[in-house]
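Rule-based calculations on the coordinates, nothing more; no lab input. Everything numeric in this text was worked out from a predicted model, so none of it was measured. Note that each Cβ is placed from the backbone with ideal geometry, even for glycine, and that neighbours are counted across all protein chains shown.
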Amino acid sequence: MSKQALYVGPDWILYAGPSGYDHSEMLAPAILLGGPKDVLTCCLREGEELSSVCLLHPAGIWSSVVATRTIVIYLDPLSAAGQAIQRRPCTLKEAPQIHNRLLECNPGFEGVFSARLAPADIRTLVSTVKAVVAVENGPQLEDERLKLVAQELSKNPVGRLDLSSLAAVCGLSSERLRHLFKRQVGMTLSKYKTWQQMHAMFRHLVSTQGPAYDWKPHEAFLSAGFYDDSHGYRTIFQYFGTQRSDGDEELLLVNCLGTSEGCEEV
């Protein structure tokens, strides 16, 4: 049986699997990587096709990826690297220099797919990639008050979006916050909240299950505030392009949250 691995860090999620994905809207700005010698072919809904060993993929753009193996690193849209991908210009971009940088660092690419690398090694790999992306790709937030929104949502990512409370934290009107967030972050507040919600769910998974996922997500869906299992599954299929065969493959879970929340393989 093939294996796939899910790593969860403080503001990122890394998935490594034996194939590509189908029809994903992309939950958050992401870095798509193949293995050491694997090329990815990304197909957009508009008919555009792009092939590379590494692609930078903004959130909210529908795509499918054909590949032998794929690593997807989802980044918090308000992080420096996330902003570099998500903001101007908000389009798919080839980034072979990132792939080359990883090969130079020799992080043990093969071990990512089988979860053989230690959590500290994965954190180093992600930090290396994020640093290259942040330096080489574009501007950052103009209004630091938007980071207060992220902090508030991270405290309680479940439930309905309370725009009035978030606006009060920033000292803005609700409409001004909505407009400012979309313009500067490159996605809506509701989509950003979905990222926070899904990240919270995956933090729950790696903290309570392991070393392999048992494919019984009911408790995890409840922890993230989904209305029911169907709502949770629809969200996963929409944003992660899950293939039907994925449920037949063992999913290894690795906690990379750091010392404050544990960093051992669970």
Consider the candidate values (1) 0.96; (2) 1.29; (3) 1.00; state which one is Cα Rg over 2.2 N^0.38 Å computed from the structure displayed.
(1)
Check each of the GluC sites (Glu not before Pro) in region 133-218 and keep only those in coil by DSSP with at most 14 other C-beta atoms within 10 angstrom; list them in order.
GLU142, GLU144
Report the calculated FRET efficiency for GLU250 and VAL66 (r = Cβ-Cβ distance, R0 = 25 Å), to the nearest 0.05.
0.65
Testing the spin-label approximation: label points 7 Å from Cα along Cα→Cβ at SER154 and VAL135. State their distance in nm.
2.4 nm
For region 30-120, what size does the Cα cloud have along each of its three principal axes, sorted from largest down, in whole Å?
37, 29, 21
Between PRO58, PRO119, PRO36, where does the largest GNM mean-square fluctuation fall for the chain, given springs only between Cα atoms within less than 10 Å?
PRO36
Rank these for me by crowding, THR194, THR128, going from fewest to most other beta carbons within 10 Å.
THR128, THR194
Hydrodynamic calc, region 47-189: Kirkwood Rh from Cα pairs, then Stokes-Einstein at 10 °C with viscosity 1.306 mPa s, so D in µm² s⁻¹ is 93 µm²/s
For region 146-190, go through all pairs of different Cα atoms, get the mean of 1/r, take its inverse, and jot down that Kirkwood value in Å.
10.5 Å
Taking 7 Å along the Cα-to-C-beta vector as the label spot, tell me the LEU103-THR128 distance in nanometres, rounded to one decimal.
1.3 nm
